[in-house]
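**Student:** I have a structure here, written as structure tokens, and I will follow up with some questions on it.
The values are calculated or read from the model by the stated rules, or taken from the named source; none is laboratory data. What you see is a predicted model; the values in this text were computed from it and never measured. With ideal geometry, Cβ positions are generated from the backbone for all residues, glycine too; neighbour counts draw on all protein chains shown. Note: areas computed on protein heavy atoms with side chains; ligands, DNA, RNA excluded. Shrake-Rupley method; radii C 1.70, N 1.55, O 1.52, S 1.80 Å.
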Amino acid sequence: MPEFYHSLEIALREILARGLSEKHDQDRFSRNMLYSDAYSWNFPPQLSGSLGIFYSREWHDLLATLTQVNATGDVTGSLHHHHVGSQNGSVHNDLNVAWFSTQRREDGINPMDLRRCRYTDGYPYEAGVETRETIRAVTMIYYFGNPPYMPGNGGETGLYSTTDEPVDQPAALIPPINNSILLFENTPYGYHSFIQNRCHTRNSAILWLHRSKEEGVKHWGQHRISQW
């Protein structure tokens, strides 16, 4: 629906209007990701309004069904903003460990709460918080709030056959066309990267679903799952 898409853009613009921070700031887009030239705003566990669709049970189940992944209900996500001329990313996959505390809603969704524990290693920020290890299972990139795309603008997501391919020579390019989604299961071979945006800013919403550690190890082997 055009009206709902417009509401997502309004939500994005409202957060962007708070300004950009060069250090971590939970209320603004900030530099909080290693090895990335993007600014990021992490979804709070109580994500609401139009953006709340990304933490809904229906959205979780849709993505899990499309990718045929047995997802745990643990979700984390963020908005990404690349200023014009942002540097290329690095070729990588998203098959990483991920840690959660448990604060499930009535619908079974367990949004990441960065006030309670660290996503990368489970370090608890509150006494008595129990954490558990999961494995990233699905990556979603939703492109929105961008100027019209034309070939040569940059800002695409590159897909690669191996990590040895030059970042600016991907096997395939996914353009950041508004209201489109790139969705894939996290495997040892899901290599991708951000491509420098030469002409316009690039905005997107990122979401990860997760599977149990036991299932991830059974699927891929412990040696293929990356630590942080």
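**Student:** Just the C-alpha atoms of the range 101-142: what Rg/Rh do they give, with Rh taken as the Kirkwood radius?
**Tutor:** For the range 101-142, the value is 1.00.
**Student:** Taking the Cα centre as origin and putting +1 on Lys and Arg beta-carbons and -1 on Asp and Glu beta-carbons, what dipole magnitude results for the chain, to the nearest 20 debye?
**Tutor:** Using only the charged Cβ atoms, the result is roughly 240 debye.
**Student:** Along the charge dipole of the chain, which of Pro148, Met1, Ile206 sits closest to the positive end, that is, farthest toward it, with unit charges on the beta carbon of Lys, Arg, Asp and Glu (+1, +1, -1, -1)?
**Tutor:** Ile206
**Student:** At 1.4 Å probe size, with the rest of the protein present, what percent of the exposed accessible area of the chain is carbon and sulfur atoms?
**Tutor:** 54
**Student:** Could you pull out every residue, at least 5 positions away or on a different chain, whose amide H is within less than 5 Å of the one on Cys199? Hs are placed 1.01 Å off N in the peptide plane, and Pro or chain starts have none.
**Tutor:** Gly85
**Student:** Hey, what do the phi angles of the range 164-179 turn into as Karplus ³J(HN,Hα) couplings, whole Hz, using 6.51/-1.76/1.60 and θ = phi - 60°, x for Gly and Pro?
**Tutor:** 7, 6, x, 4, 8, 10, x, 6, 8, 10, 9, x, x, 7, 4, 6
**Student:** Oh, and also: How much accessible surface does Met33 have with a 1.4 Å probe, in Å² rounded to 10?
**Tutor:** 60
**Student:** With viscosity set to 0.890 mPa s at 25 °C, what whole-number translational diffusion coefficient in µm²/s follows for the range 1-146 from Stokes-Einstein and a Kirkwood radius over Cα pairs?
**Tutor:** Taking Rh from Cα pairs, D becomes 148 µm²/s.
**Student:** So the label point goes 7 Å from the Cα of His92 along Cα→C-beta, right? Which residues of the range 125-159 then have their backbone N under 18 Å from it?
**Tutor:** Label zone hits: 134-142, 156-159.
**Student:** Let me ask another. In deg cm²/dmol, rounded to 500, what helix-only [θ] at 222 nm does the chain give when every DSSP H run of at least 4 residues adds -39500 (n - 2.57) and the total is split over its residues?
**Tutor:** Computed mean residue ellipticity for the chain: -4500 deg cm²/dmol.
**Student:** Sequence-distant or interchain residues sharing an amide H contact under 5 Å with Asp113, placed H: which?
**Tutor:** Ser101
**Student:** Given the peptides 86-98, 1-13, arrange them by the average over their residues of other C-beta atoms within 10 Å, most packed first.
**Tutor:** Going from most to least packed, we get 86-98, 1-13.
**Student:** Let me ask something else about it. Computed over the Cα atoms, what is the radius of gyration of the range 87-228 divided by 2.2 N^0.38 Å, N being its residue count?
**Tutor:** Normalised Rg, Cα atoms only: 1.18.
**Student:** Follow-up. Can you sort Arg224, Arg116, Arg198 by solvent-accessible area, 1.4 Å probe, largest first?
**Tutor:** Arg198, Arg224, Arg116
**Student:** With the chain treated as a Gaussian network of Cα nodes joined by springs under 10 Å, which of Tyr125, Tyr39, Tyr189 yields the largest mean-square fluctuation?
**Tutor:** Among Tyr125, Tyr39, Tyr189, the largest GNM mean-square fluctuation belongs to Tyr125.
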